[in-house]
Amino acid sequence: MLMNYSTTVVSGTKLAQEIGTTRSEVWRLVQQLRTFGVEIAGHPSSGYQLTAVPDLLLPEMIQPLVRGTVFSDNIHHYYRAGSTNTIAMESANAGAAHGSVFLAEQQTAGRGRGNNQWHSAESAGIYCSVIVRPALPPSEVLVLSLAAGLAVRFAVQEIDSRVVPDLKWPNDVLVEGKKFCGILTEMNAEATRVRHIVVGIGINVNQAEFPGDLQQSATSLR
């Protein structure tokens, strides 16, 4: 809501009325946002103002970019999550809609293929999982990993044509031989029919360093 009033000071009373809570709860929420790096000026007695647009994957910032697609209406954001793929699979099992998107600023249990972990530093990458319900037999699901990899490649080149990502089948995207993106596709299926698929995409964007075991194989777009 503060983003809607980014040029003005908004009183705690108005914020409380808008979101249906108390002024003390507004203060608690403001303090929590500050711990996540959101720059908010002000105090309960004077009101609050967003002083800088946060570099966060907030639904309010993403929805205008995907308006008119199946992804625009169900974007879920977490400051900290275990694994967006796990959350998405659980949500899909509970009936979440086709096109539902799950984003996290940090994953504490990010997963890659096999038993590999995905290093998910706070607000340094894009950690995203999407639910899709395609009319595909289970044998053709891997095509979605390829499609996701191509989408990442095209998106990166649209931002900076000097960067030329390479796809490494079945789930890696590389720059200069090092991995900056991994794709994890999981499904719930019958013998001949897919119930739902979760496509997880992890992109290293601003990481300056990696744990020792990843230093030789991982990179970021920074």
#### Entry: Residues of segment 172-196 satisfying the condition of being closer than 17 Å to Val152 by Cβ and touching a residue at least 60 places away in the same chain (Cβ under 8 Å)
Gly182, Leu184
### Query
If Tyr78 satisfies every condition in (1) in contact (Cβ under 8 Å) with a residue 24 or more places away in the chain; (2) aromatic (Phe, Trp, Tyr); (3) outside the structural domain of Phe180 (by TED's automatic domain parsing); (4) out of contact with any Phe, Trp or Tyr (no Cβ under 6 Å at 6 or more places or on another chain) but one, which is the exception?
(3)
### Query
Here are Phe180, Phe210: which of them is aromatic (Phe, Trp, Tyr) and surrounded by 20 or more Cβ atoms within 10 Å (Cβ to Cβ)?
Phe180
## Note on the structure
Expected single match for in a loop (DSSP other than H, G, I, E, B), surrounded by fewer than 16 Cβ atoms within 10 Å (Cβ to Cβ) and either at pLDDT below 90 or not assigned by TED's automatic domain parsing to the domain that holds Ile183 (or both) among Thr7, Thr13 is Thr7
### Query
So which of Trp169, Trp118 is of a type outside the set (D, E, K, R) and touching a residue at least 60 places away in the same chain (Cβ under 8 Å)?
Trp118
### So Ile126, is it farther than 23 Å from Ala218 by Cβ and either under 15 Å from the mean Cα position of the chain (by Cα) or buried (at least 16 other Cβ atoms within 10 Å of the Cβ) (or both)
no
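The values are calculated or read from the model by the stated rules, or taken from the named source; none is laboratory data. It should be emphasised that the depicted structure is a prediction, and the values quoted were computed from it without experimental measurement. All Cβ positions, glycine included, derive from the backbone under ideal geometry; neighbour counts span all protein chains shown.
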